[in-house]
1. What share of the DSSP beta bridges in region 16-124 is antiparallel, in percent to the nearest 5?
2. Can you tell me the length gained on complete extension of the stretch ALA13 to GLN28, counting 0.36 nm per residue apart and subtracting the Cα distance?
3. Rounded to the nearest 20 debye, what is the charge dipole size of the chain about its Cα centre when +1 sits on each Lys and Arg Cβ and -1 on each Asp and Glu Cβ?
4. Let me check against my output: what whole-number percent is the relative contact order of the chain, with C-alpha pairs under 8 Å and at least 6 apart?
5. Over the Cα atoms of region 44-125, Rg to Rh with Kirkwood Rh, two decimal places?
6. Quickly work out the ASP97-to-THR118 label distance, labels modelled 7 Å from Cα along the C-beta direction, and quote it in nm with one decimal.
7. What is the sum of charges, Lys and Arg at +1 and Asp and Glu at -1, for the other residues whose Cβ falls under 11 Å from the Cβ of ASP84?
8. If we count every other residue with Cβ under 13 angstrom of PRO29's Cβ, Lys/Arg +1 and Asp/Glu -1, where does the sum land?
Amino acid sequence: MPPKPVDPHELRAAVEAVLPWLSGESDQPERPLLAAAVRLSLRTLAQIAPGRSVEVRVPPFAAVQCVAGPRHTRGTPPNVVETDPRTWLELAVGRLDWAEAVQNAKVTASGSRADLSTLLPVLRF
């Protein structure tokens, strides 16, 4: 059974709730607000690029599989992207460039399919 599609209004509201933090105008939001923004934006990525060849991890909140290609079923996938919640959200809304994030070690991306630059941002403000 495929996951429930993300409601664009719910996504926008969740991300808007953390924008002041991303802009440096407020402290880190409460955990439930941050978790909602991360989870909904990751699910949106998975909708934009359905598949199971890349695993995108944003601990401690969520991980999704996305991008068409060979499906991985056991152990550590060969194509993995991992980052922290703030970096992910900055990428998701276009406030941080993919290449810059990778170059500055804010994102670890391993594998030939792990470049998400053409899929980001998932939401624009």
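1. Of all bridge pairs located within region 16-124, approximately 75 percent are antiparallel.
2. Values: separation 15, 0.36 × 15 = 5.40 nm, distance 1.65 nm.
Full extension from ALA13 to GLN28 adds 3.8 nm.
3. That gives the chain a dipole magnitude of about 560 debye.
4. On the way: 195 pairs, mean separation 26.3, N = 125.
Relative CO of the chain lands at 21 percent.
5. Numbers: Rg = 11.8 Å, Rh = 12.6 Å.
The Rg/Rh ratio comes out at 0.93.
6. 1.9
7. +1
8. That sum, taken over residues with Cβ under 13 Å, equals -2.
Each reported figure results from applying straightforward, stated rules to the coordinates on display, with no laboratory input. What you see is a predicted model, and the numbers here were worked out from it, not measured in a lab. Don't worry about glycine lacking a Cβ; one is built from the backbone with ideal geometry, like all the others, and counts go over all protein chains shown.
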